[in-house]
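Just below is one structure, and these are the notes that go with it.
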Amino acid sequence: MTAPSAPVIDAEGVGKEFVLRRRTRGLRRAATRVPAVSEVSFTVRPGETVGYLGPNGAGKSTTLKMLVGILTPTAGRLRVAGLEPARQRTELAYRIGVVFGQRTTLWWDLPLRDSFALLRRMYRVPAAEHRARLEELVELLELAPFLATPVRQLSLGQRMRGDLTAALLHDPSLLVLDEPTIGLDVVSKAAVRDFLRRMNAERGTTILLTTHDLGDVERLCRRVMVIDHGRVAFDGDLAGLRALAPVPRTLVVDLAAPAPPIDVPGARVIRTDGPRQWLELAGNPAAVIARVSHDHEIADLTLREPDIEDVVTRLYRERPDPSAPAIAGDVRHNVE
Amino acid sequence: MAEAGAYLRLAAAWFRSAAQYPLSLALLTLSQVGAAMSSVLAIVFVFGHARVLSGFDLGDVLFLYALSGLAFGLADFAFGSVEQLGTHIRTGTLDTMLVRPVSVLVQIAVDRFSPRRLGKVVPAAITLCYALPRLDTDWTPARIAMVPATVLCGAAICTAIWILGASLQFYVTEAREAANSVTYGGSALTEYPLSIYGQDVMRVVTFVVPLAFVNWQPALFILDRPDPLGLPEWVRFAAPAVAVALLACAALVWRTGMRRYASTGS
């Protein structure tokens, strides 16, 4: 076991290069080295909740896969729970819980209860301990009504709660979550966030998560790391990130009838589409909303928070990094 | 061995899960038994026309069939689902297996473990019980001991071939069909005396893909027949060595494939 203050994750200059082999002319093959992650260094202490953010293709998944031992780094030194993930993958598995938001770790055809029974045998959890922990998790995540349901019949939210239970049954000290709220409805998102917060506060479970959802970060992560082009571009709290790359909120106004662009102080129309107008807010939304509703007849109003992608994109526009390596893979910025 | 323990623990959990639907389990098992019985019927049908096939009578051929069926059936029972490796890579379930503290080979092999996989073993076992007393041979202790030893080594050889075939999918995800031609094809090939296929085929299945050691070579000793290839006497006892060598080779190739996956992630 590691000393209590020892970092749960200790990455020093960790890099991963993929070798792409392409057939050029005839049977000749050319090998190109594509860096997916380069020189990533950071530590995560026990009890921290860290959001690991970045645009698609920035190296998030690659980093996560190295952390849990699926991929072997090509450079640097990596320790998770005091172990070298790729070499000591099996030992590490007992100490970490992993959730992939896009796919389940449960067995598609099996009822949740049977999936949990299989996992108990894999992790060799004593029966009494398993029962107690399962009971607790089932209550916290309100899973009792679905225990006999095959995973394929569960809704995405129910399945995610099942996956969280599965990842925590062996009481890991580190929980690694890849997009844990992707595709979930508002209620399920809130349930997952509350649960993770509780696990972190009450059990001291260290949490590392990737997400595209600013809400996840706001409600869960005291610390945010942004990775782009395979490098850590920001490491600090959310307020710090916002100060560095301010992205205004957007007010979407549906007017009763099409009208010329709304002209109010503190807002700027950035787009119109029939009766719908998008206003970029410079300051307090309340004042703008009051003013707009006074001047116009309004059918609907939505206040849109900036997407994490927007913040990250902004971060790069503000501070372009000329030393950044060639873009790894295709970088798509998912701006809604 | 830790892996064997993990296999048994997980197989028990899968079994318990399958046993919750006893009717479906029984019907699936019966259909598998039925499918396997059809090849026994094919042999009996062939002998309705030819009483003797290249020096082997019905009892001899049923004996060869039973040894082959048991070996392939047992390998399929315990490790057949490794052929799903390509699917696990494509759908990403391999990644979920990699974050669990059990050998990936065990996890894939035991995936969806169900007693219905025994469907291929049962008819072969019945056929063996039927054929043994009808064999015209001098049952020395060595010949008697050779029967279970052959089943064991045969199952080991088939397991190694399954794993080798599956490991190809680390390199070419669509390699399953090619591998099946050796696994299922080999199973069909060894149901009959190899001598009916001619010398070239016999050489290939002796020296390239050593299927001849699953049943043919040991059976030549048990039935006291000359080797059509004229190979020395000791070859008939080489099955354990072939099994060990092939398993070592399979383990090596599997591990290399896993290491490749860890460096490419695909």
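The values are calculated or read from the model by the stated rules, or taken from the named source; none is laboratory data. If you're wondering where the values come from, they're calculated on a predicted model, not measured in any experiment. Cβ placement follows ideal geometry from the backbone for every residue including glycine, while neighbour counts extend to all protein chains displayed. To get the accessible areas, we keep the full protein, side chains included, count just its heavy atoms, and leave off ligands, DNA and RNA. Shrake-Rupley method; radii C 1.70, N 1.55, O 1.52, S 1.80 Å.
Points worth noting:
- Selection status of A:Phe116, of a type in the set (Phe, Trp, Tyr) and within 9 Å of chain B (Cβ to nearest Cβ): no
- Scan of segment A:20-62 for residues that are open to solvent by 60 Å² or more (accessible area, probe 1.4 Å), assigned to a strand (DSSP E or B) and of a type outside the set (S, T, N, Q), ordered by number: A:Leu20, A:Arg21, A:Arg22, A:Arg23, A:Arg29, A:Ala31, A:Arg33, A:Glu39
- Of all residues in segment B:52-60, at least one satisfies being modelled with pLDDT of 85 or more, part of a helix (DSSP H, G or I) and touching an Asp or Glu at 6+ places or on another chain (Cβ under 9 Å).
- Residues satisfying the criterion are present in segment B:85-104 (criterion: part of a helix (DSSP H, G or I) and either in contact with a Cys (Cβ under 7 Å, 6 or more places away or on another chain) or away from every other protein chain (no Cβ under 14 Å) (or both)).
- Filtered residue count, segment B:126-148, keeping only those that are open to solvent by less than 40 Å² (accessible area, probe 1.4 Å) and aliphatic (A, V, I, L, M): 5
- Residues located in segment B:86-129, provided they are more than 16 Å from A:Ser115 (Cβ to Cβ) and of a type in the set (Val, Ile, Thr): B:Thr87, B:Ile89, B:Thr91, B:Val104, B:Val106, B:Ile108, B:Val121, B:Val122, B:Ile126, B:Thr127
- Entirely in segment A:83-174, the helices (runs of 4 or more DSSP H) that have 1 or more residues that are touching a residue at least 40 places away in the same chain (Cβ under 8 Å) and buried (at least 22 other Cβ atoms within 10 Å of the Cβ): A:112-123, A:156-168
- Filtered residue count, segment A:222-243, keeping only those that are in contact (Cβ under 8 Å) with a residue 60 or more places away in the chain and of a type in the set (Asp, Glu): 2
- Of note, A:Ala86 does not satisfy the criterion of being more than 10 Å from chain B (Cβ to nearest Cβ), modelled with pLDDT under 95 and closer than 25 Å to B:Arg255 by Cβ.
- Search result, residues across segment B:45-104 that are polar (S, T, N, Q), farther than 26 Å from B:Gly186 by Cβ and buried (at least 19 other Cβ atoms within 10 Å of the Cβ): B:Thr93, B:Thr96
- For segment B:150-266, the helices (runs of 4 or more DSSP H) that sit wholly inside it and include 2 or more residues that are buried (at least 17 other Cβ atoms within 10 Å of the Cβ) are B:176-189, B:216-222, B:239-264.
- Options A:Pro246, A:Pro258; residue that is without any contact (Cβ under 8 Å) to a residue 40 or more places away in the chain and open to solvent by 40 Å² or more (accessible area, probe 1.4 Å): A:Pro258
- Scope segment A:180-196; condition touching a residue at least 40 places away in the same chain (Cβ under 8 Å) and either surrounded by fewer than 22 Cβ atoms within 10 Å (Cβ to Cβ) or not polar (S, T, N, Q) (or both); matching residues: A:Pro180, A:Ile182, A:Gly183, A:Ala191, A:Phe195, A:Leu196
- Applying the criterion of being touching a Lys or Arg at 6+ places or on another chain (Cβ under 8 Å) and more than 11 Å from every other protein chain (Cβ to nearest Cβ) to the residues of segment B:2-30, the residue that is nearest to A:Arg113 (Cα to Cα) is B:Leu25.
- Residue list for segment A:284-306, filter: under 30 Å from A:Ala58 (Cα atoms), open to solvent by 40 Å² or more (accessible area, probe 1.4 Å) and either outside any strand (DSSP E or B) or without any contact (Cβ under 8 Å) to a residue 40 or more places away in the chain (or both): A:Glu305
- A:Leu281 open to solvent by less than 80 Å² (accessible area, probe 1.4 Å) and within 23 Å of A:Asn56 (Cβ to Cβ): no
- Residues satisfying the stated conditions in segment A:197-207, i.e. within 15 Å of the chain's Cα centre (by Cα) and open to solvent by 10 Å² or more (accessible area, probe 1.4 Å): A:Arg197
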